[in-house]
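Engineer: What follows is a structure written as structure tokens; I'll ask about it next.
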Amino acid sequence: MKMILRWFPYSDDSVTLRQIRQIPGVGGVASCLPKIPVGEVWTKDDIAALKSIVAESGLEMEVIESVNIHEDIKKGLPSRDRYIDNYIKTITNLGGAGVRVLCYNFMPVMDWARSDLAKPLPDGSTVMSYVHDEVVKMNPETIAKSMEGKSRGYSLPGWEPERLGAMAADIEFYKSFTQDMYWSNMKYFLDAVIPAAEAADVRMAIHPDDPPWPLFDLPKVITDARRVRTFLSLNDSPYNGLTFCTGSLGVNEENDLPAMIREFGGRIHFAHIRNVRKLGAKDFDECAHLSDCGSLDLFGIVKALYDSGFDKRFTGYVRPDHGRMIWGEQARPGYGLYDRAIGAAYIEGLWEAIGKMGV
Ligand SMILES: [Mn+2]
């Protein structure tokens, strides 16, 4: 198992690589190049420059999160072929630079959503929170504004300003869309890029939809075991795999996470491990990683990953996902240093204990 941390380059992160290097057990980062417009090629030079910054701090860059998918691909427009060609070039260039896993998502229009990016908890920490009725009362622009206002000046991945302008029109576009049309566009993308991913030895790892239920009538497809099964069957290559995000999938009551890990284990290339505290059917707070702090059984999750041979058949990359904001830290919501470091140490502790006790 390789523990890594998400890190945003080029002065868009309050956390430094030197700090990440000092978290015990963390040997690398999942990084990105958000300045490259969605749909354009990540050149070898762009990637080499980023990799050398990471390597200077003694860290690896074997995971990229994310290369965003152009909306025309999701919509199935004729222009998609050009963007898919660019995506293939990016995969090839990443593989040449030693990147082994590419985390991406296929969520329409907007990525993750929250109603509050800094909800205070009784212990004085703040967390991201989701109250469904509050989110659906807003429209995408007001959500975007409220999220931007609370982002402490850091870019929010998936809420890049260039995406926001077209949001209302895009939501309208998808009103005539069936889930089958969406699956078909996804298959078209996978069938085109997976052979290139195999050739470049880059495992594609789709991130589940967050939250895992429909919002603004948009198609949501990576939300539960049945749909994950459908997704994996669209293209049978082991390079067509998952980022198993426990926080995203875990707020859906129907999802038995350890059972899903046992079923999909061979196709899980990357794990985002975090806890959530469920407050209602579609309401939740993010929380500290420990099982006792939330609604998920982190021991059961890590045990299932361990038992699935997560780090034996392939490297098995893990990162603590979002953390709370604690000890007065000022950082991008969810991506402070302190609570993610605590989360990493906790997950490593579970992993070591499970391995040594053979439980
Ligand atoms: Mn995640």
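Engineer: State whether one or more residues within the stretch 105-120 are within 16 Å of the ligand (Cβ to nearest atom) and modelled with pLDDT of 95 or more.
Structural biologist: No, the conditions are met nowhere in the stretch 105-120.
Engineer: On to the next question. Working only within the stretch 232-257, note down all residues that are part of a helix (DSSP H, G or I), in contact with a helix residue (DSSP H, G or I) (Cβ under 8 Å, 6 or more places away or on another chain) and away from the ligand (no atom under 16 Å from the Cβ).
Structural biologist: Passing the criteria: Leu232, Leu234.
Engineer: Now for a different question. Anything in the stretch 1-31 that is assigned to a loop (DSSP other than H, G, I, E, B) and among the aliphatic types (A, V, I, L, M)? List them, or say none.
Structural biologist: Selection gives Met1, Val15, Ile23.
Engineer: Follow-up question, since we're still on this one. Taking the options Ser11, Ser66, name whichever one is closer than 20 Å to Ser155 by Cα and either without any contact (Cβ under 8 Å) to a residue 12 or more places away in the chain or surrounded by fewer than 15 Cβ atoms within 10 Å (Cβ to Cβ) (or both).
Structural biologist: The match here is Ser11.
Engineer: Quick check: is even one residue across the stretch 316-327 surrounded by fewer than 18 Cβ atoms within 10 Å (Cβ to Cβ) and touching a residue at least 24 places away in the same chain (Cβ under 8 Å)?
Structural biologist: Looking for residues that are surrounded by fewer than 18 Cβ atoms within 10 Å (Cβ to Cβ) and touching a residue at least 24 places away in the same chain (Cβ under 8 Å), one finds none in the stretch 316-327, hence no.
Engineer: Being small (Gly, Ala, Ser), in a helix (DSSP H, G or I) and over 13 Å from Gly95 (Cα atoms) is the filter here, so list the residues in the stretch 40-60 that pass it.
Structural biologist: Of everything in the stretch 40-60, those that are small (Gly, Ala, Ser), in a helix (DSSP H, G or I) and over 13 Å from Gly95 (Cα atoms) turn out to be Ala49, Ser52, Ala55.
Engineer: Scanning the stretch 136-157 for residues that are surrounded by fewer than 18 Cβ atoms within 10 Å (Cβ to Cβ) and touching a helix residue (DSSP H, G or I) at 6+ places or on another chain (Cβ under 8 Å), which turns out farthest from Gly76 (Cα to Cα)?
Structural biologist: Met138
Engineer: Filter the stretch 87-105 down to the residues that are polar (S, T, N, Q) and either part of a loop (DSSP other than H, G, I, E, B) or more than 28 Å from Pro333 (Cβ to Cβ) (or both) and list them by number.
Structural biologist: Those that are polar (S, T, N, Q) and either part of a loop (DSSP other than H, G, I, E, B) or more than 28 Å from Pro333 (Cβ to Cβ) (or both): Thr92, Asn93, Asn105.
Engineer: Just checking: which of the strands (runs of 3 or more DSSP E) contained wholly in the stretch 258-359 hold 2 or more residues that are in contact with a strand residue (DSSP E or B) (Cβ under 9 Å, 6 or more places away or on another chain), of a type in the set (A, V, I, L, M) and within 16 Å of the ligand (Cβ to nearest atom)?
Structural biologist: Because the criterion is at least 2 residues that are in contact with a strand residue (DSSP E or B) (Cβ under 9 Å, 6 or more places away or on another chain), of a type in the set (A, V, I, L, M) and within 16 Å of the ligand (Cβ to nearest atom), the strands (runs of 3 or more DSSP E) in the stretch 258-359 that meet it are 268-273.
Engineer: In addition: Failed condition for His269, given (1) surrounded by fewer than 17 Cβ atoms within 10 Å (Cβ to Cβ); (2) over 11 Å from Thr246 (Cβ atoms), with all others met?
Structural biologist: Going through (1) surrounded by fewer than 17 Cβ atoms within 10 Å (Cβ to Cβ); (2) over 11 Å from Thr246 (Cβ atoms) one by one, His269 breaks only (1).
A quick yes/no check of all residues on (1) part of a loop (DSSP other than H, G, I, E, B); (2) over 20 Å from the mean Cα position of the chain (by Cα); (3) among the small types (Gly, Ala, Ser); (4) surrounded by 18 or more Cβ atoms within 10 Å (Cβ to Cβ):
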site	(1), (2), (3), (4)
Glu62	no, no, no, yes
Lys74	no, no, no, yes
Asp85	no, yes, no, no
Met107	yes, no, no, yes
Ser129	no, no, yes, yes
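Engineer: Filter the stretch 305-315 down to residues that are more than 16 Å from Gly241 (Cβ to Cβ) and surrounded by 16 or more Cβ atoms within 10 Å (Cβ to Cβ), then give me how many there are.
Structural biologist: Of the residues in the stretch 305-315, 1 are more than 16 Å from Gly241 (Cβ to Cβ) and surrounded by 16 or more Cβ atoms within 10 Å (Cβ to Cβ).
The values are calculated or read from the model by the stated rules, or taken from the named source; none is laboratory data. Keep in mind the model is a prediction, meaning the values are calculated, not measured. Heads up, the Cβs are rebuilt from the backbone with ideal geometry, glycines too, and the neighbour counts pull from every protein chain shown.
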